[in-house]
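*Asks:* Sharing a structure below in structure tokens format, with a few things to ask.
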Amino acid sequence: MSIINKGKGFSLLELILVLSVGSAMALLKFQDMKNSQEDFTAKTAGEQIRQIGEAVNGYINLRYDKLSTLTGSSSQSNDPGPRTCNASGCEITSQTLINEGLLPVSYSGTNIYKSPYKILLKRGGTAPNYVINGLVMTTKAWKEGSKTRYDLLGKAMQTAGVDSGMTQNTTTVAGMQGQWHESSSDFSNITDSGLLAFRTGFNSSLYSIYLRRDGTLPMTGDLNMGGNNINNAKNITASGTGNFGDNITAGGTVTAAKEVIAHNGYGDTITLGGDAYGNDYEIRLGANKPLTVYSPNAGNYTTILQIDRNAKVSQRLSTNGLDPNDIPSGWSGGLRTLDVYAGGTVGAGAGGAVNAYMNSSGNIYASNDINAGHQVNAQYVWASGNVNSNYIHSNGNVDAAGRLNVGEYAYVNGQAGIGGGCSPNGLIGRTSSGSLLSCVNGIWKAAGQGSIYYNSVGAIAYRFPNATVYCNGNDIALGGGGQCSSKSGYIWLNGNRPVGDNGWFASCDQSKTDDGNSSIITYVKCSAQ
């Protein structure tokens, strides 16, 4: 009898089966890893082209003035570039965006699958509202061997967004789901199939975050300037409320469709414009306080308020800082002032009738009594009857067609000097001492005037000689004078006047102090009485 030994282990078939399953699982795992890596690469490529596209949009907004005029730049401090331009557009690079601070300095200029970018910007529209459109293209097709990876380009577009696209031929680029197209006739950076693209500028969706210069892109939310200014605006139109924390300055007219409300330093309101009642305009004060028109730079008594037509005051009016209610008891009031100076007529009456007036010609009329508690001074008083008064004073003439009867004394206050001229003949006057004078043949003569004679007297003194000479007795001095003399002749008469009714005074002066004594002769013309 023989014995057979059986060993434990795997048969060849089992081993082959185990190895086959292991290899398949390893292959599947490798494929998963490859797919994950490709997804990551596609996502990164989409993020990268979107990043550079957003930077280009910022560049268009920043350098619109240069792009709209197709102006190139190279290493300028205020416009660093580089930017090359021709008759239809400009080309920039990733370095341009780095120089402008729109991309980080560490940006390499190539994407995750080692493709550089070519960025073209085209000018369109008409002056002055040109628009700028751009296209960012990879210069290297995404291929593995001879196979173009459109699948990965599509995934990259999903990450990059609606402004991304790709080429499937050498002449056109199409956006996501065919929403936009560009051709190589407009953008020369469309050169191959399998290129990743991103459109920028006016027609792009991402550019809507900017305010467009031509006004075609409205705001979709509030504009927050972050404390900065809005400069060089032309017209600002708003349908709501404008709130300002500081001054408002206008170089032209400020127009309000309704009232304008302002406040004083106490918070009280003043409203300009008025409501739809009374068929008028209003300045309405919100508190029981006066309205003051104040011009701090105007001098006293200069005009600071002018009204071109009639003015109507419902109650009382005052000037010169007076109280309009400070009027006599029983008066209704109207005007409270100091002086009234009229170039026409000041009248009183009612219903168009004039009961009294005073005009600028000096006429005064009253249809009833005039009561004066003191003097009435007039140039001419005419009465058809008697004028009765305890005292009559005239600043001018008093003419009588008949005789003038004086019940007591007649006082003549008109003074003259004997020998002086007069007119008309027949006037009666007096000297300063009271002697009666009459005008005879145009000369004032004393009543009973006698012969004429002259008296004189001399005097000597240093620089200022003077002398007084008198007529004899009570004779009247008709006139006089003086004569000065000195060694050099530099002397003049500086005093020459009558002394009472019968004397004369004269004095001299000279400018030379080394001329010694000077002399004077004073004389008087006398009338014997």
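Just so you know, all these numbers are worked out from the coordinates, no wet-lab data involved. Computed from a predicted model, the values in this text were never measured in an experiment. Here the Cβ is made from the backbone with ideal geometry for all residues, glycine too, and neighbour counts use every protein chain on show.
*Asks:* Positive end of the dipole of the chain, charges at C-beta (+1 Lys, Arg; -1 Asp, Glu), about the Cα centre: which of Y266, C85, A467 has its Cα farthest in that direction?
*Replies:* With unit charges placed on the Cβ atoms, the residue in question is C85.
*Asks:* Assuming R0 = 41 Å, can you tell me the calculated FRET efficiency for the pair T302 and S361, based on Cβ-Cβ distance, to the nearest 0.05?
*Replies:* After rounding to 0.05, the efficiency reads 0.90.
*Asks:* Now, a different point. In debye to the nearest 20, how big a dipole does the chain give about its Cα centre with +1 on each Lys and Arg Cβ and -1 on each Asp and Glu Cβ?
*Replies:* Details: 37 positive and 36 negative charges, 313 e Å.
Dipole of the chain, to the nearest 20 debye: 1500 debye.
*Asks:* Please report, in Å, the Rg and the Dmax of the chain, where both are computed over Cα atoms only.
*Replies:* Looking at the chain, its Cα Rg and Dmax stand at 58.4, 218 Å.
*Asks:* Using a Cα-Cα cut-off of under 13 Å, which aspartates and glutamates could be cross-linked to K312, ignoring same-chain neighbours fewer than 8 residues away?
*Replies:* D280
*Asks:* So which lysines pass the test for K525, namely a Cα distance under 21 Å, with those fewer than 8 places away in the same chain ruled out?
*Replies:* K445
*Asks:* Could you list K118, K43 in order of exposure, starting from the residue whose Cβ has the fewest other Cβ atoms within 10 Å? Display every interim value, and only then the final one.
*Replies:* Numbers: K118 20, K43 17.
So the residues, fewest neighbours to most, are K43, K118.
*Asks:* Here's a follow-up. Using a Förster radius of 56 Å, what is the FRET efficiency between A250 and S36 based on their Cβ-Cβ separation? Nearest 0.05, please. Could you put the intermediate results ahead of the total?
*Replies:* Numbers: r = 65 Å, r/R0 = 1.15.
After rounding, the FRET efficiency stands at 0.30.
*Asks:* I've got another one for you. Helix 150-160 against the longest principal axis of the chain: what's the angle in degrees, Cα atoms only, rounded to the nearest 10?
*Replies:* 30
*Asks:* According to a simple spin-label model (label point 7 Å from Cα along Cα-to-Cβ), what is the distance in nm between D509 and V406?
*Replies:* Result: 4.2 nm between the two label points.
*Asks:* Can you compute the helix-only [θ] at 222 nm over the chain? Use -39500 (n - 2.57) per DSSP H run of at least 4 residues, normalise by all residues, nearest 500 deg cm²/dmol.
*Replies:* Dividing the helical sum by the residues of the chain leaves -4500 deg cm²/dmol.
*Asks:* Calculated FRET efficiency, T345 and Q415, Cβ-Cβ r, R0 60 Å, to nearest 0.05? Intermediate values should be presented prior to the final figure.
*Replies:* Numbers: r = 41 Å, r/R0 = 0.68.
Efficiency computed from Cβ-Cβ geometry: 0.90.
*Asks:* Same structure again: If I model a spin label at N377 and V162 as a point 7 Å from the Cα along the Cα→Cβ vector, what separation in nanometres do I get?
*Replies:* The answer from the label model is 9.7 nm.
*Asks:* How about K234: which lysines have a C-alpha closer than 27 Å to its C-alpha, ignoring those fewer than 8 places off in the same chain?
*Replies:* K66, K258
*Asks:* Out of G178, F202, N377, whose Cα points farthest toward the positive end of the dipole of the chain (charges: +1 Lys, Arg; -1 Asp, Glu; placed on Cβ)?
*Replies:* Value: G178.
*Asks:* Let me ask something additional. Just to compare against my own numbers: the Cα pair-distance distribution for the range 260-366, 10 Å bins, whole % per bin, please.
*Replies:* Cα pair-distance distribution for the range 260-366, in percent: 10, 27, 36, 19, 7, 0.
*Asks:* I'd like the distance separating the alpha-carbon centroids of the range 88-115 and the range 407-450, in whole Å.
*Replies:* 120
*Asks:* Per the Kirkwood treatment, what hydrodynamic radius in Å, one decimal, follows for the range 31-209 from the mean inverse distance over all distinct Cα pairs?
*Replies:* On the way: mean 1/r = 0.0608 Å⁻¹.
Averaging 1/r across every pair of different Cα atoms and inverting gives 16.4 Å.
*Asks:* Something else: Quick one: work out Rg over Rh on the C-alpha atoms of the range 457-529, Rh as Kirkwood radius. Display every interim value, and only then the final one.
*Replies:* Working: Rg = 13.2 Å, Rh = 12.4 Å.
Taking Rg over the Kirkwood Rh, I get 1.07.
*Asks:* Is the shape of the range 181-334 rounded, prolate or oblate, going by the alpha carbon gyration tensor and its root eigenvalues a ≥ b ≥ c, with a/c under 1.5 for rounded and a/b larger than b/c for prolate? Don't skip to the end; give the middle numbers.
*Replies:* Details: a/c = 4.30, a/b = 3.92, b/c = 1.10.
Prolate, because a/c is 1.5 or more and a/b exceeds b/c.
*Asks:* Tell me the angle of helix 12-62 to the major Cα principal axis of the chain, expressed in degrees between 0 and 90 and rounded to the nearest ten.
*Replies:* 20
*Asks:* With each pseudo-label sitting 7 Å past Cα toward Cβ, what's the N390-Q177 distance in nm, one decimal?
*Replies:* 11.7
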